[in-house]
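**Q** Sharing a structure with you now.
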Amino acid sequence: MYKILFALAAFSSLFGSINGQVKKPNIIIINLDDLGVGDVSAYKKGSLNTPNIDFLANNGVRFNKGYATSATCTPSRYALLTGLYPWKNSQAKILPGDAPLIIDTSLMTLPKVLKKANYTTAVVGKWHLGLGNGTIDWNKKISFAPSEVGFDYSFIMAATTDRVPTVYIENNKVVGLEEKDPLFVSYQQNFDNEPTAITHPELMTKMKWHHGHNQSVHNGIPRIGYMKGGKNALWVDEDMSDVFLEKALAFIQNAKSTHAENPFFLYFALHQPHVPRVPHPRFVGKSGMGPRGDAILEADWCVGELMAKLKEWGDLENTFILFTSDNGPVLNDGYYDDAVEKVGKHTPFADLRGGKYSLYEAGTRVPFITYWKGVIKPGVSNAMVCQLDFTASFAHLLGLPLPAGDGENQLNALLGKSKKGRRELMIEATGRLAYKYDDYVYIPPYKGSPIVETVQIENGNAPEDQLFNLKKDIGQRVNLAKSMESKLAFMKSKMALLKN
Ligand code: NG6
Ligand code: CA
């Protein structure tokens, strides 16, 4: 009880009060898909220009050591929304588009915590945490959806832009579906006589597959998984950014008008720059780096539009914005889209080793920015922060008891008020784990190729122990496992402790 009172007192002195009532901030988490540290120009590592994301970074806190828990989407997002380590849930692996919901509906999730403080909650964008509790009938109301996880409103894609079904789902229903043309989805087998990228390569008018992605074709782009029917419901990739932005803004307006006394929470999960990269024509050719660069410029524009509206609506001072990415970057992730050929001098990976799918830093060290006008002082932080801690940190902010789980209250670090963040963190990449403590990271030996050949990324596999000092060696070139025996033993025992 004392703790709760104390937190409330801290809270009211931090944000002031209106008519004696503590005003809770709106919260927006903007989570990109596969964006690298070097893709954000505020990090001064690459050569793309992202002025709108830079605005957040330059007027908020830019974290140099901001982490996703995982080097792929599903586990990373699972941790962000639950405050639990994803490797504790065996289902938290890259999911097909028809997988059941992997978040236990009895869990105290991030949106559920916020609902305890009367927030109106929404998710707009990429979900990829499963839907339904068995086989989904896409033509009926879908339960076991964001609504059961704590979201009052949802407008999502089920999985990824490269996975079927390529439809939007709004509040448990596929948008635009017509009764006369039901939608069917399978990841096991094709439907009779339905064309695929293999049988009908001429259908790939916009993009061709490089690896995987050779099943159903929609909008001239081959995808993962088989799909039939639902023609009127199928999305237009080029319009996706505009659609998500419109839905996000409509949610905010609606939340403000119908629940004016309550703050809102928006989990805005943008789809860029994940494959297939298909930005709206007005962004095509703008980056000179092909679709990947253009898609990032589109996402940056989207952030700018959101910020402009928050400003227009007078919400900048009372909105806590967190910007990040679900995992690190990748160039060729399965389509011929010139990402490798046109990257030029741009370095999405910054000075980090690895990339998406990797236990090396570029897998999980992601762009990480917090912004809150009038509350957060502009700066750069070297505190280790992680998306795993959002739930606990918000609970503290709102004077609620910390939910059980793996998250820590790191509110002061997130607000830039403390230089200290986490001391330890377990990271995950395609089922493998590595352990970080202060400036060190320990990667146990793993069997298998040290490189994911298809995407040309070092995954962290090595037959021997790997130990790096990230402060001195951010590129992870000098393996200290042999020269620092006692440190290695310490890291191994700490990792074992956390794991069990
Ligand atoms: C991989 C896909 C990749 C991407 C990834 C998930 C193939 C060959 N590769 O299996 O293109 O979709 O899954 O990305 O299919 S994530 O960001 O959602 O984790
Ligand atoms: Ca991703």
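**Q** Can you confirm whether GLU312 is without any contact (Cβ under 8 Å) to a residue 40 or more places away in the chain, away from ligand 2 (no atom under 15 Å from the Cβ) and among the acidic types (Asp, Glu)?
**A** Numbers: without any contact (Cβ under 8 Å) to a residue 40 or more places away in the chain: yes; away from ligand 2 (no atom under 15 Å from the Cβ): yes; among the acidic types (Asp, Glu): yes.
So GLU312 fits the description; yes.
**Q** Do any helices (runs of 4 or more DSSP H) lying entirely in the range 305-418 carry at least 1 residues that are of a type in the set (D, E, K, R), and which ones are they? So that I can check it myself, show each step before the final result.
**A** On the way: elements: 361-364, 390-397, 411-414.
Where helices (runs of 4 or more DSSP H) fall fully within the range 305-418 and carry at least 1 residues being of a type in the set (D, E, K, R), they are 361-364.
**Q** A further question on this structure: Regarding ARG282, is this residue in the same structural domain as GLY314 (by TED's automatic domain parsing), among the basic types (Lys, Arg) and closer than 20 Å to HIS346 by Cβ?
**A** Criteria not met by ARG282.
**Q** Could you check how many residues of the range 188-220 are part of a loop (DSSP other than H, G, I, E, B), touching a strand residue (DSSP E or B) at 6+ places or on another chain (Cβ under 8 Å) and under 14 Å from TYR335 (Cβ atoms)?
**A** The qualifying residues number 10.
**Q** Also: Residues that are among the aliphatic types (A, V, I, L, M) and touching a residue at least 60 places away in the same chain (Cβ under 8 Å): does the range 477-492 have at least one?
**A** So in the range 477-492, the residues among the aliphatic types (A, V, I, L, M) come out as 478, 480-481, 484, 488-489, 491.
Then drop every residue that is not touching a residue at least 60 places away in the same chain (Cβ under 8 Å), which leaves none.
Scanning the range 477-492, I find no residue that is among the aliphatic types (A, V, I, L, M) and touching a residue at least 60 places away in the same chain (Cβ under 8 Å), so the answer is no.
**Q** If you take the residues in the range 196-209 that are touching a residue at least 24 places away in the same chain (Cβ under 8 Å) and surrounded by fewer than 21 Cβ atoms within 10 Å (Cβ to Cβ), which one is farthest from ligand 2 (Cβ to nearest atom)? Can you show your working first?
**A** Start the filter on the range 196-209 by keeping residues that are touching a residue at least 24 places away in the same chain (Cβ under 8 Å), which leaves 196-197, 206-209.
Among the residues that remain, those that are also surrounded by fewer than 21 Cβ atoms within 10 Å (Cβ to Cβ) are: 196-197, 206, 208.
On the way: THR196: 25, ALA197: 22, LYS206: 21, LYS208: 22 Å.
Filtering the range 196-209 for residues that are touching a residue at least 24 places away in the same chain (Cβ under 8 Å) and surrounded by fewer than 21 Cβ atoms within 10 Å (Cβ to Cβ), the one farthest from ligand 2 (Cβ to nearest atom) comes out as THR196.
**Q** Scan the range 137-184 for residues that are in a strand (DSSP E or B) and more than 16 Å from ligand 1 (Cβ to nearest atom) and report the count. Before you say what the answer is, go through the steps one by one.
**A** Of the residues in the range 137-184, the ones in a strand (DSSP E or B) are 153-157, 163, 167-170, 173-174, 183-184.
Within this subset, residues satisfying the condition of being more than 16 Å from ligand 1 (Cβ to nearest atom) are 153-155, 167-170, 173-174, 183-184.
Result for the range 137-184: 11.
**Q** Quick test for you: out of ASP34, ASP39, pick the one residue that is among the acidic types (Asp, Glu), crowded, with 24+ Cβ neighbours inside 10 Å, within 16 Å of ligand 2 (Cβ to nearest atom) and farther than 28 Å from LEU498 by Cα.
**A** Working: ASP34 fails: farther than 28 Å from LEU498 by Cα.
The unique qualifying residue is ASP39.
**Q** Residues to consider are LYS65, LYS45; find the one that is over 17 Å from the mean Cα position of the chain (by Cα), more than 18 Å from PHE268 (Cα to Cα) and either modelled with pLDDT of 95 or more or of a type in the set (D, E, K, R) (or both). Walk me through how you get there before you give the answer.
**A** Values: LYS65 fails: over 17 Å from the mean Cα position of the chain (by Cα).
Being over 17 Å from the mean Cα position of the chain (by Cα), more than 18 Å from PHE268 (Cα to Cα) and either modelled with pLDDT of 95 or more or of a type in the set (D, E, K, R) (or both) holds for just one of LYS65, LYS45, which is LYS45.
**Q** Filter the range 32-54 down to the residues that are of a type in the set (D, E, K, R), closer than 19 Å to GLY304 by Cβ and either part of a loop (DSSP other than H, G, I, E, B) or in contact with a His (Cβ under 9 Å, 6 or more places away or on another chain) (or both) and list them by number. Break it down into steps so the answer makes sense when it comes.
**A** Filtering the range 32-54 down to residues of a type in the set (D, E, K, R) leaves 33-34, 39, 44-45, 54.
When the remaining residues are screened for being closer than 19 Å to GLY304 by Cβ, the result is 33, 39, 54.
Residues satisfying the conditions are ASP33, ASP39.
**Q** Turning to a different aspect of this structure: Looking at the range 210-220, can you tell me whether even one residue there is within 16 Å of ligand 2 (Cβ to nearest atom), within 22 Å of the chain's Cα centre (by Cα) and assigned by TED's automatic domain parsing to the domain that holds ARG77?
**A** no
**Q** Of all the residues that make up the range 66-108, how many are touching a helix residue (DSSP H, G or I) at 6+ places or on another chain (Cβ under 8 Å), of a type in the set (Ser, Thr, Tyr), away from ligand 1 (no atom under 13 Å from the Cβ) and in a loop (DSSP other than H, G, I, E, B)?
**A** Qualifying residue count, the range 66-108: 2.
**Q** Among the residues of the range 118-136, what is the count of those that are assigned to a loop (DSSP other than H, G, I, E, B) and either within 16 Å of ligand 2 (Cβ to nearest atom) or closer than 24 Å to GLU178 by Cβ (or both)?
**A** Residues of the range 118-136 that are assigned to a loop (DSSP other than H, G, I, E, B), as a first pass: 118-119, 127-136.
So of that shortlist, the ones also either within 16 Å of ligand 2 (Cβ to nearest atom) or closer than 24 Å to GLU178 by Cβ (or both) come out as 127-132, 135-136.
So the answer is 8.
The values are calculated or read from the model by the stated rules, or taken from the named source; none is laboratory data. Please read all numbers here as calculations on a predicted model, not as lab measurements. Don't worry about glycine lacking a Cβ; one is built from the backbone with ideal geometry, like all the others, and counts go over all protein chains shown.
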